[in-house]
Amino acid sequence: MTPQATYHFPRGFLWGTATAAHQVEGNNTNNQWWKWEQEGHTNGTSGLACDWWGGRWREDFDRAAEAGQNAHRFSVEWSRIQPTPDQWDETALEKYRSMLRGLRERGMTAMVTLHHFTDPIWLTEVGGWETDEVVKRFERFVRKTVEALKEYTNLWCTINEPNGYALNGYVGGVGDWPPGKRNLKLGFQVMANLIRGHAAAYHVIHQLQPEARVGFALNYRDFQPLHSWSPLDRIVTANTFNGVMAAFPSALATGVMSYPLGKISIPEAKGTQDYFGFNYYTRNFVTFDLRFPNRLFARDLYAPNDDLSGSGFLANVPESMFTGLKWVVRTFPNLPIIVSENGVESADDRIRPRYIAQHVHQMWRAVNFNWPIKGYFHWSLVDNFEWDAGWKYRFGLWGLDVETQKRIKRPSVDLYAAICKENGLSSEMVQKYCPEVFEKIFPG
Ligand code: BGC
């Protein structure tokens, strides 16, 4: 007989999805990604995306609410709010206010990201995040935006995945992102300015809204040496983990950015995290490879028997989410944790149900150690423009027909809805949506 059981979560747990402005809004013509797309660096262009700027956020929020989600994380687009250095677009701000009202009317908690990979073209023309003048500019933008939106939320994510932004734009390898430079030293300079920008944003938000909860979202990866017996593999793995991935949160804890090329003191960053934003997708093995000097000789790969996503972009390794949460709790004690992204690309939805169930299960294990996890945002609500990969990777609970804007419901919608409504994961759900992992989640 199959066991009947439910893994429940604490009352008030946030269950939502996450999106980002450029990936869903459409016609974001005034940022560096649009330009990058027009120059032919991406697999298709964002175009209308999910047409949220045209108002389709309404129908997507309706679907999310009907599917039991009680929260949503979205981002605002700097290039819309401040189209030129001396101009604020009040209609753009009003549109974000109506989206926030839309969430409130549907009983959903809003989490707002202020920077999710995109920069206004005017900013990149004056050096973007490479020069430290960006800190004042970002602070001005944050002040204006938070003043306009604070009536509707107090949960802020300053910068999404600064490690991804710096690495993909200045080192390359995983994807080719603007500005497409190959300069590790400059990449770390950008990282330092992102830390300064976050710190400035943290202070200004608290000044405007004392009760605000401010953090950023780290792209956590479980990096493991390919050959644990190899000192070189162990060194490059430690560099990738501590020197690159953990540099940002460690600087917020200590006021010093330590990275493989040195140390930079950023005292104003110390203590500027009210919660830990944890984005987790996958585990990578790392091996020493002389062909990658710019990546500090580290090459990442998946294991031959990994459970790979639809196009092989990610490996489904739920235990590594637990490993990551444990690392957060031990390294950054006393911070509430929000799983600000987790998801998988799969157009046919074959892997997604088990990916969701297995990750929710690992998160439940973590909650049972009393680790302070407050919510989970699945990436993503609907298929959206996936940066350099364009429309190749489909991360939505709902699919999107890009030509017609039609939403296509995937089976995962119902599984995730059942989890949200139950505030837990039951054996019946696993039996129904992903029986192939039943034994792993409900052994014996
Ligand atoms: C990013 C998202 C992206 C997702 C899937 C995250 O690293 O924040 O913008 O779409 O991964 O690749």
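The values are calculated or read from the model by the stated rules, or taken from the named source; none is laboratory data. This is a predicted model, so every value here is computed, not measured. Cβ coordinates were reconstructed from backbone atoms using ideal geometry, including for glycine residues, and neighbour counts include every protein chain displayed. To get the accessible areas, we keep the full protein, side chains included, count just its heavy atoms, and leave off ligands, DNA and RNA. Shrake-Rupley method; radii C 1.70, N 1.55, O 1.52, S 1.80 Å.
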Discussion item. Looking at segment 142-163, I want the residues that are closer than 15 Å to W129 by Cα and have a partner that is hydroxyl-bearing (S, T, Y) and away from the ligand (no atom under 11 Å from the Cβ) with Cβ atoms under 7 Å, at least 6 apart or on another chain. Which pairs are those?
Written reply: T158/Y202
Fill in: Condition check for I373: touching a strand residue (DSSP E or B) at 6+ places or on another chain (Cβ under 6 Å) and under 21 Å from I338 (Cα atoms)
yes
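Quick grid of which residues meet (1) more than 14 Å from the ligand (Cβ to nearest atom); (2) of a type in the set (A, V, I, L, M, F, W, C):
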site	(1), (2)
F13	yes, yes
H22	no, no
G26	yes, no
W33	no, yes
E37	yes, no
S46	no, no
Worksheet entry | Number of the condition not met by G310 [criteria: (1) more than 20 Å from T17 (Cβ to Cβ); (2) modelled with pLDDT under 95; (3) within 16 Å of the ligand (Cβ to nearest atom)] | (1)
Discussion item. On the basis of being within 16 Å of the ligand (Cβ to nearest atom) and either within 24 Å of D62 (Cα to Cα) or in a helix (DSSP H, G or I) (or both), does F438 make the cut?
Written reply: no
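Applying the selection to segment 325-348, what residues are within 16 Å of the ligand (Cβ to nearest atom) and either assigned to a loop (DSSP other than H, G, I, E, B) or in contact with a helix residue (DSSP H, G or I) (Cβ under 8 Å, 6 or more places away or on another chain) (or both)?
Residues satisfying the conditions are V339, N342, G343, V344, E345, S346, A347.
With respect to A71, determine if the residue is over 21 Å from the mean Cα position of the chain (by Cα) and surrounded by 14 or more Cβ atoms within 10 Å (Cβ to Cβ). Outline the logic, then answer.
Numbers: over 21 Å from the mean Cα position of the chain (by Cα): no; surrounded by 14 or more Cβ atoms within 10 Å (Cβ to Cβ): yes.
No; evaluated as a whole, the condition is false for this residue.
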Practice prompt. May I ask you to verify whether W156 is of a type outside the set (K, R) and in a helix (DSSP H, G or I)?
Written response: no
Worksheet item: Can L167 be described as closer than 20 Å to V135 by Cβ, open to solvent by 10 Å² or more (accessible area, probe 1.4 Å) and either within 16 Å of the ligand (Cβ to nearest atom) or part of a helix (DSSP H, G or I) (or both)?
Response: no
Discussion item. Consider segment 96-120. How many of its residues are within 16 Å of the ligand (Cβ to nearest atom) and of a type in the set (D, E)?
Written reply: 1
Response to the item:
Pairing a residue in segment 60-77 that is in contact (Cβ under 8 Å) with a residue 60 or more places away in the chain and under 15 Å from S412 (Cα atoms) with any residue that is assigned to a loop (DSSP other than H, G, I, E, B) and open to solvent by less than 10 Å² (accessible area, probe 1.4 Å), where Cβ atoms lie under 6 Å and the two sit 6 or more apart in sequence or on different chains, gives A64/L381
Discussion item. Can you tell me which condition A64 does not meet? The list is (1) surrounded by fewer than 21 Cβ atoms within 10 Å (Cβ to Cβ); (2) more than 23 Å from P179 (Cβ to Cβ), and all the others hold.
Written reply: (1)
Worksheet item: When both residues are 6+ apart or on different chains and their Cβ atoms are under 7 Å apart, which pairs have a first residue that lies in segment 17-32 and is farther than 27 Å from F278 by Cβ, and a second that is open to solvent by less than 10 Å² (accessible area, probe 1.4 Å) and within 14 Å of the ligand (Cβ to nearest atom)?
Response: G26/S46; G26/A49; G26/C50
Worksheet item: Could you say which residue among R295, R352 is more than 23 Å from C157 (Cβ to Cβ) and surrounded by 24 or more Cβ atoms within 10 Å (Cβ to Cβ)?
Response: R352
Worksheet item: When you scan segment 374-404, how many residues do you find that are part of a loop (DSSP other than H, G, I, E, B), under 26 Å from I419 (Cα atoms) and more than 8 Å from the ligand (Cβ to nearest atom)?
Response: 5
Discussion item. Of a type in the set (F, W, Y), more than 15 Å from the ligand (Cβ to nearest atom) and assigned to a helix (DSSP H, G or I): which single residue out of W364, W371 fits that description?
Written reply: W364
Response to the item:
Of the listed residues (A253, A201, A246), the one being touching a residue at least 24 places away in the same chain (Cβ under 8 Å), of a type in the set (A, V, I, L, M, F, W, C) and in contact with a His (Cβ under 9 Å, 6 or more places away or on another chain) is A201
Fill in: Evaluation of P372 against (1) surrounded by fewer than 19 Cβ atoms within 10 Å (Cβ to Cβ); (2) more than 23 Å from T113 (Cβ to Cβ); (3) touching a residue at least 12 places away in the same chain (Cβ under 8 Å) (one fails), failing number
(2)
Worksheet, complete the sentence: Going through segment 171-190 in order, the residues found to be open to solvent by less than 50 Å² (accessible area, probe 1.4 Å) and within 16 Å of the ligand (Cβ to nearest atom) are V171, G172, G175, W177, P178
Fill in: strands (runs of 3 or more DSSP E) wholly inside segment 199-287 that include at least 1 residues being open to solvent by 20 Å² or more (accessible area, probe 1.4 Å), away from the ligand (no atom under 16 Å from the Cβ) and under 24 Å from L155 (Cβ atoms)
213-225
Discussion item. Where the second residue is assigned to a helix (DSSP H, G or I) and among the aliphatic types (A, V, I, L, M) and the first is touching a residue at least 40 places away in the same chain (Cβ under 8 Å) and lies in segment 308-334, which pairs have Cβ atoms under 7 Å and are six or more apart or on separate chains?
Written reply: M321/M363; F322/A366; L325/A366; F332/A253
